[in-house]
Amino acid sequence: MVGGGRIKLKTWQQAAVALGSAVGALLDPRRADLIAALGETTGKPAFERVLQRMKTSPEGRAVLLERPRVIFANVGHAWDLPENTFGAAYARFMGSRNFSPDDRPPVRFMDTDELAYVAMRAREVHDFWHTLFDLPTNLIGESALKVIEFRQMYLPMCMMSVIGGTTRFSEKQRKLFYQHYFPWAVRAGTQCTDLMCVYYEQHFHEDLEDVRRKLGIVPVPPVP
């Protein structure tokens, strides 16, 4: 259940959790629970805007109505789809990294079930976006995807993650990110469709390139 362990916080408590999560996430960017808490405590206005956009989109409304969860019990059939399909590409992405869709931390700090679901959906479709944009899961790839996510949702956590991530780059990585990945990510996040209004699971059986074209997604170009 999305909101089974939700905690209601006062404003000062939200600020304290946000600050603590931000410091902890900077010290250890692998702490998905801290990054999740930071996203929730700083992102309520952004998630409210996403919710309203989903309500005005036919596909977004279907997602809100049916509330699909990206867990293995629901998406495991992707591993059996033809290799040209979006679903199979997602399965390859997950399998090659030994990732499980069941590993996402729960939502804890959203006020309503509806907002909690939107926050959970944003968290769970992250790997779909990695697949569609063909981004690696290293520090540069994650930072580039956070630029796209910020352009799509304006979550403060996304920009904080980019700032925190780039402080860990070597000089060579920083140059590569700002000359190659960053300008592409800004364009890619601007020109594609509203990614939170897509019912991805219903497109698993479609050709990967067809899905990209339909959504206006341009994968990251090769590093020159």
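Candidates in the stretch 68-100 are the residues that are surrounded by 14 or more Cβ atoms within 10 Å (Cβ to Cβ) and not in a helix (DSSP H, G or I); of these, the one that is nearest to the chain's Cα centre (by Cα) is 70. Pairing residues of the stretch 166-186 that are β-branched (Val, Ile, Thr) with residues that are surrounded by fewer than 16 Cβ atoms within 10 Å (Cβ to Cβ), at Cβ distances under 7 Å and at least 6 apart in sequence or on separate chains, gives 166/174.
Residues that are hydroxyl-bearing (Ser, Thr, Tyr) and part of a helix (DSSP H, G or I) were ranked within the stretch 157-178; the one that is surrounded by the fewest Cβ atoms within 10 Å (Cβ to Cβ) is 178.
Table: residues versus (1) buried (at least 18 other Cβ atoms within 10 Å of the Cβ); (2) of a type in the set (Val, Ile, Thr); (3) modelled with pLDDT of 95 or more.
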position	(1), (2), (3)
180	no, no, yes
190	no, yes, yes
193	no, yes, yes
199	no, no, yes
203	yes, no, yes
208	yes, no, yes
211	yes, yes, yes
218	no, yes, yes
223	no, yes, no
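Out of (1) exposed (fewer than 14 other Cβ atoms within 10 Å of the Cβ); (2) part of a helix (DSSP H, G or I); (3) without any contact (Cβ under 8 Å) to a residue 60 or more places away in the chain, what's the single condition that is false for residue 130? The failed condition is (1).
Taken together, 107, 118, 125 contain a single residue that is at pLDDT 90 or above, hydrophobic (A, V, I, L, M, F, W, C) and surrounded by 23 or more Cβ atoms within 10 Å (Cβ to Cβ), which is 118. Restricting the first member to the stretch 140-155 and to residues that are more than 11 Å from residue 129 (Cα to Cα) and modelled with pLDDT of 95 or more, and the second to residues that are part of a helix (DSSP H, G or I) and among the charged types (D, E, K, R), no beta-carbon pair is closer than 7 Å while six or more apart or on different chains.
Among the conditions (1) touching a Gly at 6+ places or on another chain (Cβ under 9 Å); (2) in a loop (DSSP other than H, G, I, E, B); (3) modelled with pLDDT under 95, residue 135 misses just one, which is (3).
The values are calculated or read from the model by the stated rules, or taken from the named source; none is laboratory data. Remember, predicted model here, so these are calculated numbers, not experimental data. When we count neighbours, we look across all protein chains shown, and the Cβ atoms used for this are built from the backbone with ideal geometry, even at glycine.
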